[in-house]
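Right, one structure below, let's go through it.
The values are calculated or read from the model by the stated rules, or taken from the named source; none is laboratory data. What you see is a predicted model; the values in this text were computed from it and never measured. Note that each Cβ is placed from the backbone with ideal geometry, even for glycine, and that neighbours are counted across all protein chains shown. We work out accessible area using only protein heavy atoms, side chains counted, and drop any ligands, DNA or RNA first. Shrake-Rupley method; radii C 1.70, N 1.55, O 1.52, S 1.80 Å.
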Amino acid sequence: MNTSTESRLVLTRRHWRVLALALLVAIAPAAKAQDADRDPPARAARVVSVVGDAWLFDHENREWTRLARNQTVAEGDRVRTDDRARLRLRVGSTTIWVDERSDLALSQLDEGQTLLDIDRGEVAVRLRSVENAMETRLRTREGTARPEREGLYRVEQLDRGSKAYVWQGRLRFDWARGADPVWVGTGEQIEFWWPDGPRAERGPLYGDGFGDWVLGESRDEGDRPVARYVSPEMTGAEDLDRYGRWEASPDYGTVWIPTTLIVADWAPYRYGHWVWSRHWGWTWVDDAPWGFAPFHYGRWVSWGGHWCWAPGPYVHRPVYAPALVGWVGGPTVSVGISIGFGGPPAPPSYGWYPLAPREVYMPSYYHSPRYVSRINDPRDLRDPVTVQRPNRYRDVPMAVSMLPGPGAAIQPMPVRGPDRKAEPGWARPLPAAPGRGDLAAMLPVAPTRPAEPERRAWPRGPEAGAAGQTPLRRDNNNPHGFEPRLPAPAVVPQPQQPVQPAQPRPSIEQPQRGDGNLPWRAQQQREEQQRREDVQQRQQEQQQRRDEMQQRQRWEEQQRQQETQRRVPQMEPQRMPEPPRVQVPAPQPQPQQPQVQQRAQQRDEGPQRGRQDGPHQDRRDDRQKQNDR
C-alpha cells in the first residue's frame, strides 16, 4: 500500500516537472518579446546630405529642429523638407531620397521591418538586397506599396491619390480599403485613386526634376563595394574605403585608419556636436563626411601613432549605439570668501573619452540584459582584461574632450605644466551620461521653430491600429504603443539667439577653432574657393565684354554722327546762279489798272518755261527800277 502511494507521488512530481518545463518554454518567447519592446531600436537611419532646410520633429518639446549631416533619425521620427530642399537618408545598404515640400514618418525602423508613411510629397528608395526589399513598405492614404525585389522605386502622395514609379524591379500595391492588389513593373508608373471604387491608370515613366536627381544620385552611389571586414548593413560603412585604409594589427585585428586628418589635436568625438534622441539620449553627430559608422559601432584605439577604428568581429546587422564613450566631470566645487551676497555657483563641466577595444559600453538609457550582450562583443563581457584595465583613455588628456562652459566650443582636456598633466578633478568618472537639461545648458542654442496646430489625421488602414495613429515602441511614457499624428511645422522659423563664446582659460592649451582647420573641410574649402574664383573670373570676363561692346557702340554712334554731318551740306539744294543783268528800255507808260490786272493774270497762270517767277524775280525788278531812276 505504501509502495503504490509512493509511486503515485513520484509520478505526480514528474508530471509537475514536465508542466514547469512546458511553461518555461511557453513564457520564454513572451519574455524575449517584452525585452525587445523595452529595448531601443537596433537600427537607425543616417542623414547623408541635406539640400536646403530639412527638419526633425522633437516629440518632447513639440517643436521642429533643423537636421544636419550625419544626424541620426530613428523609429517614430518624422522629417519634413521646405521649398527647394531635399534630403538623403541611409539605412544599412538602403538609400532613401525625400523631395521638397514632403512629410515623411519613419513609423517602423527596426530589425525585420521598415515602414515609411508618406503624408505629403515624394519619396524614392533604392533596395540592394531581397532581404531589405521584403522588409520595406511605403504607405500612403490610398494603400501600401511593397517592393518584391531589389531595385529603384518611387512613391508620391497627391492631393487626391497616389502614384507609384518603378525604374527597376517589381512592386505590389495593396489598397487600404480592401481591393485586388495591383503590380507595377520596370519602366511603369500607375496613379491610384478611389472616387467610388478602386481606380488605377497605368502609363510609361516620364522624367522630372526629382526623378533626374534621384537617378543621378543613384548613379553616383553605384554598387560601391564595402570592405569585407564589415557588413554592408552597417550604416555608414560605404564611406570607409573612400576616406581611409585598412591595416592588420596584431592586438586588435583589422583596423581602419582615416587618411583625411590634418589637425594635430584631432581625437574621436571632438569635432561635432551632441543632439538629444528620445530613444538613446545624447547622440553624437560628427562633422566628418565619413563620421557615422566609426562613431556608432566598434571602438577607437591609438595604435602606431594614429587613431584607428577597430570594428570588431563581423556581424551581419550590428546594433546601433548613440556614442561609445565614457563620461567624466560634473558639477564643479569651488571654495572662496566673499563679502556680501555670494555669486551664483559655477556651472558644471562635462567631458568624454572614446572606449577602447574590449571595454564594455553600458547604456544610460533603459535596456535589457540581452541588449547589453548584443551591443557589446560577448567575449568582452567575460574578458578579464576589461576588469584589470578599464577606461584606458580616461586619464589621457589628448583623448578626453570637454565643454568648459555654456556656449563654449568643444576642447581637449586642460593640461598644466611642462609635463602636460591633466588638471586635478577632471578625471572624476560619471556613472552615466548627463541628463537632457544638464548638458543642454552647456550647448549652443539650436535653430528650432514651433509646430502648427494639429491637422486632421486620416486613417492608414487596418495596419495602423486606431485611426490616425502610428504604432510606436512601448516605453514608460507611452505604455499603449500609439501616438497621435504630429502637427506640421510653422512656415516662419524662430530666430536663433546668438551665443557669446566663453573666454579661453589661462594656462590651458586650446586648439584654434574654426572651419579653416577642420581636416575634412580643407579640400572642400579649396574647391569652394576655386569655384568662387572661377565665378569671379567669369563675371569679370562678362563685364569686360559688356564694356567693350558699349565702347564699340559709342564709337559706331560717333562715326554715324560724323558721317551724317559730312553728308548734310551735300544734300542741301544749291542756289542757281543769277543770269546776267541786261538793260532794257524803259517800258511805255500805260494805265495803271490794266498793268495790275495783267500782272495779276500772269501770276495766276503759274510759272512758265523761260520765265523766272517768285520772290527773287520781284526783288530784281525793284532794283532795276531804282537804277533807272
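Details
- Extreme residue, most open to solvent (accessible area, probe 1.4 Å), among residues of segment 155-188 that are among the basic types (Lys, Arg) and either modelled with pLDDT under 95 or part of a strand (DSSP E or B) (or both): Arg160
- Residue within segment 317-338 that is open to solvent by 30 Å² or more (accessible area, probe 1.4 Å), at pLDDT below 95 and under 31 Å from the mean Cα position of the chain (by Cα) present: yes
- Pick from segment 408-435, criterion at pLDDT 80 or above and outside any loop (DSSP other than H, G, I, E, B), ranking: surrounded by the fewest Cβ atoms within 10 Å (Cβ to Cβ): Pro429
- Filter result for the condition that a residue is at positive phi and free of Cβ contacts under 8 Å to residues at least 40 places away in the same chain, over Gly92, Gly76, Gly112: Gly112
- Any hit, segment 120-142, residues being closer than 25 Å to Trp284 by Cβ, free of Cβ contacts under 8 Å to residues at least 40 places away in the same chain and not small (Gly, Ala, Ser): no
- Residues satisfying the stated conditions in segment 278-304, i.e. among the small types (Gly, Ala, Ser), in contact (Cβ under 8 Å) with a residue 60 or more places away in the chain and surrounded by fewer than 20 Cβ atoms within 10 Å (Cβ to Cβ): Ser302
- Of everything listed in (1) crowded, with 17+ Cβ neighbours inside 10 Å; (2) among the hydrophobic types (A, V, I, L, M, F, W, C); (3) in a strand (DSSP E or B), the single unmet condition for Phe210 is (3).
- Residues in segment 95-107 that are in a strand (DSSP E or B) and either charged (D, E, K, R) or at pLDDT below 95 (or both): Asp103 alone.
- Looking only at residues in segment 235-275 that are of a type in the set (A, V, I, L, M) and open to solvent by 50 Å² or more (accessible area, probe 1.4 Å), the one that is modelled with the lowest pLDDT is Ile262.
One line per residue, one yes/no per condition, for (1) in contact with a helix residue (DSSP H, G or I) (Cβ under 9 Å, 6 or more places away or on another chain); (2) more than 23 Å from Ser218 (Cβ to Cβ):
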{"position": "Arg101", "(1), (2)": "no, no"}
{"position": "Ile118", "(1), (2)": "no, no"}
{"position": "Thr136", "(1), (2)": "no, no"}
{"position": "Arg149", "(1), (2)": "yes, no"}
{"position": "Leu152", "(1), (2)": "yes, no"}
{"position": "Asp159", "(1), (2)": "no, yes"}
{"position": "Tyr165", "(1), (2)": "yes, no"}
{"position": "Pro181", "(1), (2)": "no, yes"}
{"position": "Glu201", "(1), (2)": "no, yes"}
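- Residue within segment 357-364 that is modelled with pLDDT of 70 or more, in contact with a Leu (Cβ under 9 Å, 6 or more places away or on another chain) and among the β-branched types (Val, Ile, Thr) present: yes
- Test: residue in segment 386-407 that is modelled with pLDDT of 85 or more, among the aromatic types (Phe, Trp, Tyr) and either part of a loop (DSSP other than H, G, I, E, B) or open to solvent by less than 40 Å² (accessible area, probe 1.4 Å) (or both): yes
- Pairs where the first residue, in segment 350-368, is farther than 18 Å from Pro294 by Cα and the second is acidic (Asp, Glu), C-beta under 9 Å, 6+ apart: Tyr350/Asp438; Tyr366/Asp39; Tyr366/Asp475; His367/Asp35; His367/Asp39; Ser368/Asp35; Ser368/Asp39
- The sole residue among Arg84, Arg66, Arg78, Arg101 that is over 20 Å from Phe295 (Cα atoms) and under 10 Å from the mean Cα position of the chain (by Cα) is Arg66.
- Out of Glu150, Glu191, sole residue that is surrounded by fewer than 21 Cβ atoms within 10 Å (Cβ to Cβ), of a type in the set (D, E, K, R), touching a strand residue (DSSP E or B) at 6+ places or on another chain (Cβ under 8 Å) and over 27 Å from Glu233 (Cα atoms): Glu191
- Filter pass, Ala54 being more than 27 Å from Ala176 (Cα to Cα) and either modelled with pLDDT of 95 or more or surrounded by 21 or more Cβ atoms within 10 Å (Cβ to Cβ) (or both): yes
- Number of the condition not met by Asn70 [criteria: (1) outside any loop (DSSP other than H, G, I, E, B); (2) touching a Phe, Trp or Tyr at 6+ places or on another chain (Cβ under 6 Å); (3) of a type outside the set (A, V, I, L, M)]: (1)
- When segment 194-207 is filtered for residues that are of a type in the set (Gly, Ala, Ser) and either in contact with a strand residue (DSSP E or B) (Cβ under 9 Å, 6 or more places away or on another chain) or open to solvent by 20 Å² or more (accessible area, probe 1.4 Å) (or both), the ones remaining, listed by number, are Ala200, Gly203, Gly207.
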